[in-house]
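K.L.:
One structure, as structure tokens, below. Some questions next.
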């Protein structure tokens with residue numbers, strides 16, 4: 001598994017400044033492969049699953065930057081003997097609700113749904129939405145993965161960042177230590193470590 005992940009890191013080298021559609025698709029496939037490997041190298045508490053047949057729930061929260069590449073990569077795949085189910089959720093938009101209590105109820109329902117996920121991929125979220133999500137799932141067994149450099153210094157545990165034509169993994173020490181999800185040290189050896197020890 002670690003060899004497969006290392007190959008993904010090495011081969012992520014498209015010219016991003018003038019990225020074609022094919023290159024964008026390649027990046028999406030690589031990110032999807034990273035997510036699959038993140039799940040392989042992570043362990044959740046047993047009580048975070050209803051039973052032995054319960055799937056791993058992966059929620060894309062915000063912009064769907066990976067699209068069909070994620071569906072194709074994870075189709076018919078199993079991790080730790082569990083199938084993977086993908087959900088896509090958009091944050092509630094405040095100005096679409098006439099009453100503030102309606103917005104708060106929608107936001108609360110969304111956070112409850114994310115707390116039931118095992119992996120949440122954040123993409124295209126503003127600072128307020130990001131921080132609200134992190135605070136809402138802090139005590140839940142959720143692996144938070146950021147898609148983009150804006151998440152590196154937040155409490156997301158792992159981040160996928162395009163850097164000089166490569167995809168790099170960043171890992172937040174503090175967030176990982178405080179999480180109920182245990183990420184293998186083999187994966188962390190491939191990551192740039194940030195945050196407090």
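What follows is calculated from the coordinates using simple rules that are stated; it is not laboratory data. All figures in this text were calculated on a predicted structure; none of them were measured in a lab. Because the Cβ atoms are built from the backbone with ideal geometry, glycine has one as well, and the counts that use them run over all protein chains shown.
K.L.:
With springs only between Cα atoms under 10 Å, which of 172, 154, 95 fluctuates most in a Gaussian network model of the chain?
P.N.:
It is 95.
K.L.:
Express in nm, to one decimal, how much length is gained between residue 43 and residue 72 on full extension, taking 0.36 nm for each residue of separation and deducting their alpha carbon distance.
P.N.:
Details: separation 29, 0.36 × 29 = 10.44 nm, distance 2.32 nm.
Roughly 8.1 nm would be gained on extension.
K.L.:
Using a Debye calculation, one point per C-alpha and no hydration shell, please list log10 I(q)/I(0) for segment 77-188 at q = 0.13, 0.14, 0.16 Å⁻¹ in order.
P.N.:
-0.55, -0.63, -0.80
K.L.:
How big is the antiparallel share of DSSP beta bridges in the chain, given as a percent to the nearest 5? Display every interim value, and only then the final one.
P.N.:
Numbers: 10 of 31 bridges.
Of those bridges, close to 30 percent are antiparallel.
K.L.:
Using alpha-carbon pairs under 8 Å, 6+ residues apart, how would you state the relative contact order of segment 2-194 in percent? Don't jump to the answer; show the numbers that get you there.
P.N.:
Working: 304 pairs, mean separation 43.9, N = 193.
That works out to 23 percent.
K.L.:
Please arrange 80, 87, 118 by counting, for each residue, the other beta carbons lying within 10 Å of its beta carbon, fewest first. Before the final figure, lay out the partial values.
P.N.:
On the way: 80 11, 87 14, 118 24.
Ordered by Cβ neighbours within 10 Å, fewest first: 80, 87, 118.
K.L.:
So what's the gap between the Cα centers of segment 86-102 and segment 25-78, to the nearest angstrom?
P.N.:
Comparing the Cα centres of segment 86-102 and segment 25-78, I get a distance of 24 Å.
K.L.:
Looking at the chain as a GNM with Cα springs under 10 Å, which of 55, 45, 141 has the largest mean-square fluctuation?
P.N.:
Residue with maximal mean-square fluctuation among 55, 45, 141: 45.
K.L.:
Calculated from the structure, percent of Cα pairs over 25 Å apart equals which of (1) 41; (2) 28; (3) 34?
P.N.:
Step by step, percent of Cα pairs over 25 Å apart for this structure corresponds to label (3).
K.L.:
Now for a separate question. Using R₀ = 35 Å, calculate the FRET efficiency as 1/(1 + (r/R₀)^6) where r is the Cβ-Cβ separation of residue 97 and residue 185; round to 0.05. Walk me through the numbers before you get to the answer.
P.N.:
Values: r = 45 Å, r/R0 = 1.27.
The pair residue 97/residue 185 has a calculated efficiency of 0.20.
K.L.:
Among 155, 131, 116, whose mean-square fluctuation peaks in a Gaussian network model of the chain (Cα, cutoff 10 Å)?
P.N.:
Highest fluctuation among the options: 131.
K.L.:
How would 186, 168 line up from fewest to most surrounding beta-carbon atoms within 10 angstrom? Numbers along the way, then the final one.
P.N.:
Numbers: 186 12, 168 17.
By the 10 Å Cβ count, ascending: 186, 168.
K.L.:
Cα atoms only: what Rg and Dmax, in Å, come out for segment 73-136?
P.N.:
In order Rg, Dmax, the Cα atoms of segment 73-136 give 14.4, 45 Å.
K.L.:
Using 1/(1 + (r/R0)^6) with R0 = 30 angstrom and r between the beta carbons of residue 127 and residue 85, what's the FRET efficiency to the nearest 0.05? Before the final figure, lay out each step's value.
P.N.:
Numbers: r = 29 Å, r/R0 = 0.97.
Computed FRET efficiency for residue 127 and residue 85 comes out at 0.55.
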